Structures are given as C-alpha cells and as structure tokens.
Amino acid sequence: MPRRTDAYRGLAQPSRLRVMYELLERPGQALTELAAATGLHQNTLRDHLRVLEGEGFVVRVREHRGTRGRPRELFEPSGPDNPVAAKRIEDAARHGDFMRSVMLPESAEATDSDAAHQLDALYEHLDDVGLEPQIEEESLTVQLAPCAFHALVDDRLPMLCHVHAELVRGVLVQAGGPLEVDRLLPLVTPHKCQLLLQRTDAATKAAATMETASVDA
C-alpha cells in the first residue's frame, strides 16, 4: 500500500531516531546539549528537529530561569495534548469505524470501541513509520517488519527498539483505552519483530484478582 501524503517521514533517517532517543532519555535539552549528545552539527540538528516538530514527535518550550538572561529553547518529546498527533488518532479512529461498518456491520456495535480505536491508531502509526504491521486482535500480538536501519546500526538495536516502543506507548495513551505495551521483541526471526500488547482495563484486573483469590483458597 502506498504511503499517505502525510505519512511520517521524521523517522526516515537513523540520525532522527538518535535525536528521539536522546530526548526520551533526557527531555528538556537545549540545542547545544543535543549536539554534544548526538555528535550532530547544530545546523543539521535544527533541520532534524524542525521535521520532528512538524510531525508531532517533538515540541520546543522556553526554559524557566530564575536569573537574568534570555531563556533558552528546550526540546522534549511531545505530550498527549499534541494537536498533530491528536488529529492523526482522530483520523485513524474514523477510518477504522468506517471499515468496520462496511466489512463487519453485524459486529460493529459489539466492538470494544476504546480498544478498537487504540488499534486503529497503532496500525496507522506503525504503517506510517514503515514497520508493516499485522495485528492479531485475539492474541494482542502485532507482527512487524524490522526497522529499516537495524542492519546499518546493529550495535544500536536497543536504541532503535526503545524509541519505537516509547512512541507506541504514547500512541496508545493518547488514543485512550485498555491496551498498553507489554514488550517489544526484536528480530524473533531475521525478517520479523513482535509487539506484544496487554489489557489493563478494570474487568481484566478484576478477573485476575478473582483467579488469584480462588487459587489461594
């Protein structure tokens, strides 16, 4: 399927993944600090940050200073109120609802809409970053193509996986619902990674509590 015109391009370079990693590890860094951490020239870094901001991954804030002097611009990962990310999630939910009404009209009303909308948003995000998701709803398992850069930066594989896992967590939180990340398993085969989800809604927790109580009894 061809990428949409608004598909994420911000993660199309390994350098931007490195920038995201540094900001996830230590939010609120100034340009000079990020340049030192990533080894990127400040002009190159400005270009990367501009793209990441435009696609809703990063926001800039003004430093709160208790002394005189011009406050610095600091960069951090975007939060749940980011309007760019919110629009993507809303669009994904609308598209998912439409597809379910067309393909599965008899079960559309019985669908757990919160979880379904989380999966809609998750699919769009993973597809847009080129991970070719195949979602298995019953087992809450997502089959993924490996990150395009894993062979180029093999020694940085944990960094790449950490960035993708944290972005997925953000998508699920912003979409709102009972699903969250359990774990991300890189390269379960040479050509496949797996994202495992889990439910944390009240019904699931109650069932787990009752099961534990019956075992203890």
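No lab work stands behind these numbers, since they all come straight from the coordinates. From a predicted model like this one, the values you see are computed outputs, not experimental measurements. Every residue, glycine as well, gets a Cβ built from its backbone with ideal geometry; the counts of neighbours run over all protein chains shown.
Between Ser15 and Thr200, what is the label-to-label distance in nm when each label sits 7 Å out along the Cα-to-Cβ direction?
Taking the two extended label points, one gets 3.6 nm.
What shape does region 83-205 have by the C-alpha gyration tensor, where a ≥ b ≥ c are the square roots of the eigenvalues, rounded means a/c under 1.5, and otherwise prolate means a/b greater than b/c and oblate the rest?
Here region 83-205 falls in the prolate category.
Suppose R0 equals 30 Å. What FRET efficiency, 1/(1 + (r/R0)^6) with r the Cβ-Cβ distance, do Ala30 and Ala148 give to the nearest 0.05? Mind showing how you got there, number by number?
Values: r = 30 Å, r/R0 = 0.99.
Efficiency at R0 = 30 Å is approximately 0.50.
Using a 7 Å offset from the Cα along the Cα-to-Cβ direction at both Glu73 and Glu90, what is the distance between the two label points in nm, to one decimal?
2.6
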